[in-house]
Each structure stands twice: as C-alpha cells, then as structure tokens.
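Novice: Once you've had a glance at the structure underneath, I'll fire off some questions.
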Amino acid sequence: MSAADSSTAPAHPLAAYSAATVSDALDRLGRPGSMLGIAPLFDGARLCGRAFPVRYVTAGSPPGTVGDYLDDVAPGEVVVLDNAGRTDCTVWGDILTAMAHHRGVGGTVIDGVCRDVSRALGAGYPIYSRGRFMRTGKDRVEVSDVGRPVSVGGVHVAAGDLLLGDADGVVAVPRDAEEQVLEVCAGIAAREEAIVADVLSGTSLAEARGRHGYHLLQRHEAGA
C-alpha cells in the first residue's frame, strides 16, 4: 500500500466502486473516461485522487527540463503525465517514486512508460502506464505545461478531475459529473449484486439478467 493510504483525508465515495462500474456509469451518462492502453504496474494497485496534470513534448535545442513539478503535488493527488503515448523513453523513475511515496502522493498515471520499477513494486506505489522501459527521457522530452489539461489514453484530464484505478485500469471522472456518476454507480452495483444473488440461488443467468436489466445498465439514453 502507498503512503497515501494512511492519509487522514476521507476517501471519495467513488472509491467504493470498481473502475469497471465507474466506466459503465460514464457510458450510461455519455461521458468518456476509460483510459485505453493504460495498465497497472501490478495487479494489487489501486488509486483514487485528484489529477495533477503535466504535459511533455519533444525536447528542443537546447533541451529543456524533465520537470521538478513533484514539489508542488499535494498528498493524495495523482500525477498524470501526458507523454503523447511515447514508449521509447520514460518520464517517471526511481527518484520520483521515492519522493512521491514518501510524500503520500496518491499514484502516477502515464501516457507513456516508467522505469526503475523495482522501487514502486517494493513500496506498493501505484503506477499506471503503457509499460516499462529503461531509456531516460532527459534530452529527449521536456515539460511543456503543468496544471493545464492533458490527454491520457484518449481521455481529456483537467486539474482536479477524479482518477480511479484498480487492476482493470484507470478511469477519469470530470468534476461536473461526479454526483451523477456516483448515483449511477450505486444503481449498477445494486443490480449486479442482485443478479449474482439470483444465479447463486439457482436462477438461470438469462432470467436473472433479464429481471434486473443487465444489458441496459451501461446503455446511454438521451437526457441521462
């Protein structure tokens, strides 16, 4: 578990739901949020926190810095790094993991790759990315923007948006949709639990799904 898990700050109510349930809720509301191709470093990873976005671009001449933004990340926030999906150089490694874990940062989400993963694995620090690769990003990429909206896995992420990740991946929930998503999640979870209870008591899967509207749980409806 990360140091953020021991934070005294209360967990967001959406932390009670899986990334899959939140994804279904976003589908029902017609809001994008599921980050394609962004996977956890380890299956037990879980995060829930506000986004701290950073965008990288190809390094100029002379090259700029890869950034010292971590000094400004608050405990519980999730670092969201947009490296345009590049997998040929990393934007997160050993030093950043050590500092983030020590400061109680909620986790890191990267549209790109990470390195020095042994420290993150040993500490249980949650990282979600497109993979791992050892080549440094120094002199290859540089920080372009901090705190401005970014794109990760095809999803727009603004500062303060809620990020939720588990073994299935990461979803981003815009601030203006949180209450709606929470309400829809509650309904989806209740219906899915009812389906499980029915089939375990002997009801056929088809009957249980039909009774509780399984195939409609995520379907977007105009005005939803």
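The values are calculated or read from the model by the stated rules, or taken from the named source; none is laboratory data. This structure is a prediction, so every number in the text was calculated from the model and none was measured. Every residue, glycine among them, receives a Cβ derived from its backbone with ideal geometry; neighbour counts consider all protein chains shown.
Novice: Under the condition of being charged (D, E, K, R) and in contact with a Lys or Arg (Cβ under 8 Å, 6 or more places away or on another chain), which residue from the range 153-208 is farthest from Arg28 (Cα to Cα)?
Specialist: Filtering the range 153-208 down to residues charged (D, E, K, R) leaves 161, 166, 168, 175-176, 178-179, 183, 191-193, 198, 207.
This time we only want the ones that are in contact with a Lys or Arg (Cβ under 8 Å, 6 or more places away or on another chain), so: 161, 166, 198.
Details: Asp161: 19, Asp166: 20, Asp198: 24 Å.
Among residues in the range 153-208 that are charged (D, E, K, R) and in contact with a Lys or Arg (Cβ under 8 Å, 6 or more places away or on another chain), the one farthest from Arg28 (Cα to Cα) is Asp198.
Novice: Pairs only if they're at least six apart or on different chains, beta carbon under 9 angstrom, first in the range 80-105 and farther than 17 Å from Val157 by Cβ, second among the aromatic types (Phe, Trp, Tyr) and surrounded by fewer than 20 Cβ atoms within 10 Å (Cβ to Cβ); list them, first residue then second.
Specialist: Qualifying pairs under 9 Å: Thr87/Phe133; Asp88/Phe133; Cys89/Phe133; Thr90/Phe133.
Novice: Okay, next question. Might you check whether a residue that is assigned to a loop (DSSP other than H, G, I, E, B) and among the acidic types (Asp, Glu) occurs anywhere in the range 105-121?
Specialist: Residues of the range 105-121 assigned to a loop (DSSP other than H, G, I, E, B): 105-106, 112, 115-116.
Next, only the ones that are among the acidic types (Asp, Glu) stay: 116.
For the range 105-121, residues assigned to a loop (DSSP other than H, G, I, E, B) and among the acidic types (Asp, Glu): present.
Novice: Looking at (1) more than 18 Å from the chain's Cα centre (by Cα); (2) basic (Lys, Arg); (3) within 22 Å of Ser34 (Cβ to Cβ), which one does Arg50 not meet, given that it meets all the others?
Specialist: With (1) more than 18 Å from the chain's Cα centre (by Cα); (2) basic (Lys, Arg); (3) within 22 Å of Ser34 (Cβ to Cβ) applied to Arg50, the lone miss is (1).
Let's see how each residue does on (1) part of a helix (DSSP H, G or I); (2) within 30 Å of Gln180 (Cβ to Cβ); (3) modelled with pLDDT under 95; (4) in the same structural domain as Gly112 (by TED's automatic domain parsing):
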position: Leu14; (1), (2), (3), (4): yes, yes, no, yes
position: Ser23; (1), (2), (3), (4): yes, yes, no, yes
position: Asp27; (1), (2), (3), (4): yes, yes, yes, yes
position: Arg50; (1), (2), (3), (4): no, yes, no, yes
position: Pro53; (1), (2), (3), (4): no, yes, no, yes
position: Gly64; (1), (2), (3), (4): no, no, yes, yes
position: Val80; (1), (2), (3), (4): no, yes, no, yes
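Novice: Find the residue count for the range 122-140, including only residues that are crowded, with 20+ Cβ neighbours inside 10 Å, assigned to a loop (DSSP other than H, G, I, E, B) and of a type in the set (Phe, Trp, Tyr).
Specialist: Selection size over the range 122-140: 1.
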